[in-house]
Amino acid sequence: MINKYLPIYLAALLLSYSAIVSSNKEQQAYYVLMSELLNINNDRYQYKDRKGVSKNDSLRQFKELESTYIKFIEPDIGKNKFSEKRLKIVMFLSFYAFQRNSAAINEYLASDLFPIYSQNKIRFLNILNELPFLITANCNRLNAHFGFEGNNAEKKQSFITNNEHIINSVLTNKFSDICLNEFK
């Protein structure tokens, strides 16, 4: 009798395990991002050279952060739409890259952030109102789209013209000024 239900039990067990693993992977990604921003727990990137001297493995550190970036840069609710939670994570990554002068992540964002903003404008701007410490970094990365690798420079003024009204209407006056100044 139990053999008849064994596949069902195994399926339930695997589903519960995958939910736990998925949750753990997401928690690990948050841990990596916060640790990087706060510059803590860097000892996990240490190794000992041939002489026994501890050294930092900056490539391993970057690869872990890059993996976190790749995990969250894709839309999570379809049709290029991002949930509020996912947008906040992407915007926080932008803040991290801006604060830490992370050339690689800043470069990724110069091309990746613009389409995210374009498909999620209101939600994106509402988050900036809610978390104003993100404004400068994210507006800076939006501006970086124009001229990145020699592309789109001619579209910058059109973007400002087409988006200034929405930026001014969603963000408070002070916050819209901060954002729009990044495009000057």
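Of the residues that make up segment 140-159, is at least one among the hydroxyl-bearing types (Ser, Thr, Tyr) and under 24 Å from residue 32 (Cα atoms)? Scanning segment 140-159 turns up no residue that is among the hydroxyl-bearing types (Ser, Thr, Tyr) and under 24 Å from residue 32 (Cα atoms).
Yes or no, residue by residue, for (1) touching a Cys at 6+ places or on another chain (Cβ under 7 Å); (2) of a type in the set (Gly, Ala, Ser); (3) without any contact (Cβ under 8 Å) to a residue 24 or more places away in the chain; (4) surrounded by 15 or more Cβ atoms within 10 Å (Cβ to Cβ):
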position: 135; (1), (2), (3), (4): yes, no, no, yes
position: 150; (1), (2), (3), (4): no, yes, yes, no
position: 167; (1), (2), (3), (4): yes, no, no, yes
position: 177; (1), (2), (3), (4): no, no, yes, no
position: 180; (1), (2), (3), (4): no, no, no, yes
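Which of the following residues is under 23 Å from residue 139 (Cβ atoms), of a type outside the set (A, V, I, L, M, F, W, C) and touching a Lys or Arg at 6+ places or on another chain (Cβ under 7 Å): 84, 74? If you could, list the steps in order and put the result at the bottom.
Working: 74 fails: touching a Lys or Arg at 6+ places or on another chain (Cβ under 7 Å).
Answer to the selection: 84.
Applying the condition of being closer than 16 Å to residue 73 by Cβ and not in a helix (DSSP H, G or I) to segment 112-157 and asking which residue is nearest to the chain's Cα centre (by Cα) yields 120. Candidates 33, 87: the one that is among the aliphatic types (A, V, I, L, M), in contact (Cβ under 8 Å) with a residue 60 or more places away in the chain and in a helix (DSSP H, G or I) is 33.
Residues are listed down the side, and each one gets a yes or a no for (1) at pLDDT 90 or above; (2) among the hydroxyl-bearing types (Ser, Thr, Tyr); (3) closer than 19 Å to residue 144 by Cβ:
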| residue | (1), (2), (3) |
| --- | --- |
| 49 | no, no, no |
| 56 | no, no, no |
| 80 | no, no, no |
| 87 | yes, no, yes |
| 98 | yes, no, yes |
| 108 | yes, yes, yes |
| 112 | yes, no, yes |
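If you go through segment 74-84 one residue at a time, do you hit one that is assigned by TED's automatic domain parsing to the domain that holds residue 163, within 12 Å of the chain's Cα centre (by Cα) and buried (at least 20 other Cβ atoms within 10 Å of the Cβ)? Within segment 74-84 (the criterion being assigned by TED's automatic domain parsing to the domain that holds residue 163, within 12 Å of the chain's Cα centre (by Cα) and buried (at least 20 other Cβ atoms within 10 Å of the Cβ)), the answer is yes, since at least one residue qualifies.
Among the residues of segment 54-73, those identified as surrounded by 12 or more Cβ atoms within 10 Å (Cβ to Cβ) and not basic (Lys, Arg) are 56, 57, 61, 62, 64, 65, 66, 67, 68, 69, 72, 73.
Scan segment 85-111 residue by residue and report those that are of a type in the set (A, V, I, L, M) and either exposed (fewer than 15 other Cβ atoms within 10 Å of the Cβ) or under 24 Å from residue 156 (Cβ atoms) (or both).
Step one: list which residues in segment 85-111 are of a type in the set (A, V, I, L, M), which gives 87, 89-91, 93, 97, 103-105, 109-110.
Across segment 85-111, the qualifying residues are 87, 90, 91, 93, 97, 103, 104, 105, 109, 110.
Taking residue 74 as meeting all but one of (1) at pLDDT below 85; (2) out of contact with any helix residue (DSSP H, G or I) (no Cβ under 7 Å at 6 or more places or on another chain), write down the number of the exception. Result: residue 74 fails condition (1) only.
With respect to residue 31, is the statement that it is of a type in the set (Phe, Trp, Tyr) and over 23 Å from residue 146 (Cβ atoms) true? Against the criterion (of a type in the set (Phe, Trp, Tyr) and over 23 Å from residue 146 (Cβ atoms)), residue 31 qualifies.
The values are calculated or read from the model by the stated rules, or taken from the named source; none is laboratory data. From a predicted model like this one, the values you see are computed outputs, not experimental measurements. Neighbour counts are summed over all protein chains in view; Cβ atoms, including those assigned to glycine, are modelled from backbone coordinates with ideal geometry.
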